[in-house]
Amino acid sequence: AGTGGRDPIDAVTTELSKQFDVVAGPWAGAAAMVIVGAGIPDSARAWTGPAFAVTRAAPAVAIVTASAPRQVQVNAKAPVAIAVATTGIAGRRVELSLTHDGRVVDSTTIDVTAAASTLAQTLSFVPTREGAARLEVTARVVDAAAASSATLLVDVNTRKWRVLFVDSRPSWSSTFVRRAIERDERFEVASRVATSRNVSAATPGAPAQLDDAAGLGRFDAIVAGASTEMSAADIRHLETFARTRGGTLVLLLEARPSAAVEALIGVRGWQSRTTTEPTPLSAVAPGHAGLSAAELAWPASMPALATPLASFAPSAGAAQVPVVWQHPLGDGAVIVSTAFDAWRWRAAEGSTFDAFWRETIGEAAARAPAAIEVDIAPVTRPGDRVAIRVTARELAAAADEPGAMQATASARITAPDGSSDSILLVPIAPGRFEGHWRASTIAGVHRVSATVDDGRGEAIVAVDATASRAPIASERLSAWTSSRKGRVFSEHEIAGLATALTAELAPAREDIRWHPMRSPWWIVPFAALAGFEWMNRRKRSLI
């Protein structure tokens, strides 16, 4: 029947009121829940009863997800990941644009080849000043009016990326990568180089030993030079840094790795090539700098979930093979470079050696989580109920230790006019806390400050009645309703919603065989009947 142009909520209410009592808004005593729209309200996340959803007909183009880093450094590239769903526009083109302060800072155009598809693209934004940066993502069908948009908020700061260089012996590769990083004011660099047995040269701030987990935890990324000569114990300490700290470990290999390194990166077989002239290595990410090297090696088989960062074709017509790649390692990642002598060609004409490593290590360091992470929707509307989730990284990593659930946490949200709200945070897991905030009616950027014991984390959220938000992915909404014995209806299927609700709420019929004589309560009527018979026979003088 459809909504006939009516508001979907009114249409659903009218249709269901014929058979059910309908209550607008969350109600704990309801027999079932019906969501109207593409998102799952916070108030519905804990619902376990039957749940259905009604969504509008799919538009020609819709932004499914749009995400950006919550915090970005000034003059650092911030990637904005976008997923766009298209319907019925095969053969057309979709233009994606990223706008800041009313100006388009990045854009691209994608050809649509299928009747229904999801397009993924990454745009970028380089902030030039500190403060809250509001970004608008727009997807538009070229030469048509169909469009979709989403608003994002990024907190731009001047915090420097902390990078530690550790070398088991003096390494040319590590030395020149470190010099490239040190010349960039966005980085804060410390180093420790073993010059001989039990003797090392270190800069202030570098931990004395790699078994100092707290010392390593102060860094966002660690670059290991001459790692083939590191002990298995040192490799384990670096692996722990990536897995539990969530930082990135960069391995600058200069020869085939040791067994301990191979076990860490998940590679066993290798292929190699040496030439007299350097081979150009193309960066896989668009717009990134590349490398050049004459001594190369690459895995015979790539590790699972690995992502190439720089590659080349070993021969004409051959597929590209990775020489620099990364893959997840626990909460963090590991980056491996097997361009053994790339440092030799750093000064060649047109070389982008410095730029490649600044970009690669900078992006890796930017991904490192803060000690106290604050997760909140970046944009909300006045009056919305917003979830605040806080994670204390060290407490979460020590989940099995006694007292992990005894930490205290609190949050405060400060409005642009200086007023503030205190938020109660309750523990939901070791090192993890959650609370809820009813969004203020004061428009503008609000600052969120959360404390866990002595640690402190921050985030920002914009309250804007006109902000557009990317809807939740339809697959997620479908999975949510399916897990609660319901499904998603389009606005044209509203007539069938009442039937589905009736079928789900109707008491199930079950045939049960009853054996009354097996009940222990049968003795009561049996005793009563036996007593009545005895009295009757006595009156008749039969006993």
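Could you report the chain's accessible area per residue, 1.4 Å probe, as an integer in Å²? Here the per-residue accessible area is 52 Å². Could you work out the relative contact order of the chain, using alpha carbon pairs under 8 angstrom and six or more residues apart, expressed as a whole percent? Relative CO of the chain lands at 14 percent. Taking all protein chains together, Ser231, Ser173 sort by accessible area into Ser231, Ser173, largest first [probe 1.4 Å]. The range 354-433 and the range 486-521 have their alpha-carbon centroids 43 Å apart. In the assembled protein chains, Asp331 presents an accessible area of approximately 120 Å² (probe radius 1.4 Å). Leaving out ligands, DNA and RNA, and with a 1.4 Å probe, what % of the accessible surface on the chain is carbon or sulfur? Exposed carbon and sulfur together represent 52 percent of the surface. Relative to the longest principal axis of the Cα atoms of the chain, helix 353-366 runs at roughly 30 degrees.
Database remark: amide H of Ser420 closer than 5 angstrom to the amide H of Ala415 (H placed geometrically; neighbours at sequence offset of 5 or more, or on other chains; Pro and chain starts carry no H). Look at the Cα gyration tensor of the range 76-131: its axes a ≥ b ≥ c give a/c of at least 1.5 with a/b over b/c, and that counts as prolate.
For a straight C-alpha distance cut-off of 28 angstrom, the lysines reachable from Lys77 (same-chain residues fewer than eight places away being disregarded) are Lys160.
Less than 5 angstrom separates the built amide H of Val386 from those of Trp437, Arg438, Ala439, all sequence-distant by 5 or more or on a different chain. Geometric descriptor of the range 265-396, per residue, is 170 Å³ (volume of the convex hull of the Cα atoms).
For a paramagnetic label modelled on Asp331 (point 7 Å from Cα along Cα→Cβ), amide N atoms under 11 Å away belong, within the range 243-279, to 243-247. Estimated at the nearest 10 Å², the accessible area of Thr274 is 110 Å² with a 1.4 Å probe.
Under 18 Å from a label point set 7 Å out along the Cα-to-Cβ vector of Glu229, the amide N atoms of the range 238-261 belong to 251-261. The fraction of Cα-Cα pairs per 10 angstrom bin, counted from 0 for the range 87-237, comes to 9, 27, 18, 17, 18, 10, 2, 0 percent, rounded to whole percents. Largest to smallest in accessible area, the residues Arg218, Arg186, Arg381 fall in the order Arg218, Arg381, Arg186 (1.4 Å probe, all protein chains included). Each part gets one Cα centre, and for the range 75-130 versus the range 179-233 those centres are 39 Å apart. Which entry in (i) 27.2; (ii) 27.9; (iii) 24.1 matches Kirkwood radius over Cα pairs in Å derived from the coordinates of this structure? Only one listed value fits the structure, namely (ii). For the chain, the longest piece that avoids every one of the chymotrypsin sites (Phe, Trp or Tyr not before Pro) found in DSSP loops with at most 15 other C-beta atoms within 10 Å covers 28-513.
Angle of helix 172-182 to the longest C-alpha principal axis of the chain, folded into 0 to 90 degrees and rounded to 10: 70°.
The values are calculated or read from the model by the stated rules, or taken from the named source; none is laboratory data. Bear in mind that the values here come from a model prediction, so they are computed numbers and not experimental data. We place every Cβ from the backbone using ideal geometry, glycine too, and count neighbours over all the protein chains shown. Side chains are part of the model used for accessible areas, which takes the heavy atoms of the whole protein and leaves out ligands, DNA and RNA. Shrake-Rupley method; radii C 1.70, N 1.55, O 1.52, S 1.80 Å.
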